[in-house]
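Visitor: Here it is, the structure, as structure tokens.
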Amino acid sequence: MVKVAILGFGVVGSGVAEVIRRNEEVITARAGVGMEVKYILDLRDFPDSPYADKMVKDFSVIEQDPEVDVVVETIGGAKAALEFTRRALKAGKSVVSSNKELVAQHGYELLCLARENKVSYRFEASVGGGIPVLHPLSQCLAANRLTEVRGILNGTTNYILTHMIGTGLSFEEALKEAQERGYAEHDPSADIEGIDACRKTCILAAIAFGRHVYPSQVSTEGITKVTLADVSYADAAGMRVKLLGRAIRQDDGKVMAYVAPHLVRHSDPLADVDDVFNAIIVRGNAIGDVMFYGRGAGKLPTASAVVADVIDAFQHQRTRRFLSWDEGSEAYVVGPEGLCSQWFLRLRGTVRDLEGLGPVTILGRPGAPADEIGVITEAMTHDELSKRLNGTAPLSAMRVLDESADLA
Ligand code: HSE
């Protein structure tokens, strides 16, 4: 019997308990043995829960119980979660996590600690919710030199953008719905400011390119400045507004990583990824592009990835498969300054004010004020764009997603 302790009985933790109970038969068949939740750690009381008899408040009970094989960390944050993960690994227990903040900040250290203690540290659920992407990236694409990872990595913001466009909900209404569905972070500013997508970009880049990328190294912009006017111009140009995380391996070995809203052409597979769905496109020199698609947030999809990792950690107890990457460095990560893109601009002014911009496609939108103009420029770096704007501050500026990374 695999004995599991769940840390944190929130959306994901309770989903893990539910999946283990609901899919008992199939999990037993796949793991080769049954799976039992022995403890659930939470500071809150859940007297009416069917798991009330498993609740503990003191982590040492789990740490000191030799029967516990796998600790599931679904607390979130990087304080108690970090301490308990360190202690569990040192106590010889494998740890499975959905915590992107912790992995993005401390993944290198925790993977080293797991290896030293001959146990697993796994976190498939930390990126893309229920989508299997980290495993395939590290195992099935191992024969490729990977050059780029890009994708829609946050379910909450994708839900908001989809419903602002499709159902005409306000930003606040769409966010409230995403929160009610259990998609949003405890503090939803991590979603809408792009911080969650940034953490996931770091994890993807570390696995794809083999070195740690820290969140503070990634230029990050969320969706708070995206307006319905921008969305309407994008629509007129046959495009959709999507928040993308992107990591590109440069020829000099450095990684360019950033998170920002983009205009995506309807012909791009990312354009039709709606609602809570995420999609991650990985580019390899043998395979070309591969896209991973599915539910990027939510209780049961995320729990599905966690429980699969528990099975994997247990099955590989004797022939441990260590995931690893190297320590990061300051010079290793660069911002998108060198990236040439076409730009969508929304400006206050008239066509006569566009002279310095070079060739542009002028866009229209229903109800646009007479002194507002929307354009798509030719491809250029951000510096070149600033030069051509010559001091004019656009109301909005977003990159148009290019087919392939085009470095200046
Ligand atoms: N808040 C996250 C999202 C949860 O909306 O994608 C899944 O990581």
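Visitor: Any chance segment 55-72 includes a residue that's over 19 Å from Lys3 (Cα atoms) and surrounded by 14 or more Cβ atoms within 10 Å (Cβ to Cβ)?
Guide: No; the residues of segment 55-72 include none that is over 19 Å from Lys3 (Cα atoms) and surrounded by 14 or more Cβ atoms within 10 Å (Cβ to Cβ).
Visitor: Still on this model: Mind telling me which of the residues Gly194, Gly253 ends up being modelled with pLDDT of 95 or more, on the phi > 0 side of the Ramachandran plot and surrounded by 23 or more Cβ atoms within 10 Å (Cβ to Cβ)?
Guide: Values: Gly253 fails: surrounded by 23 or more Cβ atoms within 10 Å (Cβ to Cβ).
When all the criteria are applied, what remains is Gly194.
Visitor: Check segment 138-153 and report whether any residue there is in contact with a helix residue (DSSP H, G or I) (Cβ under 6 Å, 6 or more places away or on another chain), assigned to a helix (DSSP H, G or I) and either more than 16 Å from the ligand (Cβ to nearest atom) or more than 21 Å from Ile248 (Cβ to Cβ) (or both).
Guide: Within segment 138-153, one or more residues are in contact with a helix residue (DSSP H, G or I) (Cβ under 6 Å, 6 or more places away or on another chain), assigned to a helix (DSSP H, G or I) and either more than 16 Å from the ligand (Cβ to nearest atom) or more than 21 Å from Ile248 (Cβ to Cβ) (or both).
Visitor: Could we say that Arg181 is within 16 Å of the ligand (Cβ to nearest atom), crowded, with 23+ Cβ neighbours inside 10 Å and among the charged types (D, E, K, R) here? Talk me through it step by step, then tell me what you get.
Guide: Values: within 16 Å of the ligand (Cβ to nearest atom): yes; crowded, with 23+ Cβ neighbours inside 10 Å: no; among the charged types (D, E, K, R): yes.
So Arg181 fails the test.
Visitor: So Pro50 fits all but one of (1) at negative phi; (2) touching a residue at least 40 places away in the same chain (Cβ under 8 Å); what number is the exception?
Guide: All conditions pass for Pro50, except number (2).
Visitor: Related question: Within the set of pairs 6+ apart or on separate chains, which have a first residue in segment 129-152 that is closer than 19 Å to Val310 by Cα, a second that is among the charged types (D, E, K, R) and assigned to a strand (DSSP E or B), and C-beta atoms under 7 Å apart?
Guide: Within 7 Å, the pairs are Gly129/Arg295; Gly130/Arg295.
Visitor: Without any contact (Cβ under 8 Å) to a residue 12 or more places away in the chain and either assigned to a helix (DSSP H, G or I) or charged (D, E, K, R) (or both): which single residue out of Asp252, Asp191 fits that description?
Guide: Values: Asp191 fails: without any contact (Cβ under 8 Å) to a residue 12 or more places away in the chain.
On inspection, the qualifying residue turns out to be Asp252.
Visitor: Going through segment 283-299 one residue at a time, which ones are more than 14 Å from the chain's Cα centre (by Cα) and crowded, with 18+ Cβ neighbours inside 10 Å?
Guide: Listed by number, the residues that qualify are Arg283, Gly284, Lys299.
Visitor: Just to check your reading of the model, which residue among Thr157, Thr162, Thr167, Thr147 is touching an Asp or Glu at 6+ places or on another chain (Cβ under 8 Å), surrounded by fewer than 24 Cβ atoms within 10 Å (Cβ to Cβ) and in the same structural domain as Gln250 (by TED's automatic domain parsing)?
Guide: When all the criteria are applied, what remains is Thr162.
Visitor: Sticking with this structure for a sec: Please verify whether Glu177 is free of Cβ contacts under 8 Å to residues at least 24 places away in the same chain and within 22 Å of Gly294 (Cβ to Cβ), treating the condition exactly as stated.
Guide: It is true that Glu177 is free of Cβ contacts under 8 Å to residues at least 24 places away in the same chain and within 22 Å of Gly294 (Cβ to Cβ).
Visitor: Another question, if that's okay. Can you pull out every residue in segment 324-377 that is among the acidic types (Asp, Glu) and touching a strand residue (DSSP E or B) at 6+ places or on another chain (Cβ under 8 Å)?
Guide: Asp326, Glu327, Asp353, Asp371, Glu372
Visitor: For the structure I just gave you, tell me whether Asp196 is part of a helix (DSSP H, G or I) and touching a Ser or Thr at 6+ places or on another chain (Cβ under 7 Å).
Guide: Against the criterion (part of a helix (DSSP H, G or I) and touching a Ser or Thr at 6+ places or on another chain (Cβ under 7 Å)), Asp196 does not qualify.
Visitor: Quickly run through segment 102-132 and pick out the residues that are more than 17 Å from Val12 (Cβ to Cβ) and of a type in the set (A, V, I, L, M, F, W, C).
Guide: Listed by number, the residues that qualify are Leu110, Leu111, Cys112, Leu113, Ala114, Val119.
Visitor: Let me ask you something else. Which of the residues belonging to segment 315-352 are surrounded by fewer than 21 Cβ atoms within 10 Å (Cβ to Cβ) and of a type in the set (Phe, Trp, Tyr)?
Guide: Phe322, Trp325, Tyr332
Visitor: Identify the residue in segment 11-39 that is out of contact with any strand residue (DSSP E or B) (no Cβ under 6 Å at 6 or more places or on another chain) and among the hydroxyl-bearing types (Ser, Thr, Tyr) and, among all such residues, is surrounded by the most Cβ atoms within 10 Å (Cβ to Cβ).
Guide: The selected residue is Ser14.
Visitor: Still on this structure: Any idea which residue in segment 154-178 is farthest from Ser232 (Cα to Cα), counting only those that are away from the ligand (no atom under 11 Å from the Cβ) and touching a strand residue (DSSP E or B) at 6+ places or on another chain (Cβ under 8 Å)?
Guide: Ranking the qualifying residues of segment 154-178, first place goes to Leu161.
The values are calculated or read from the model by the stated rules, or taken from the named source; none is laboratory data. Source: prediction; values computed, not measured. Glycine also receives a Cβ, built like all others from the backbone with ideal geometry; neighbour counts cover every protein chain displayed.
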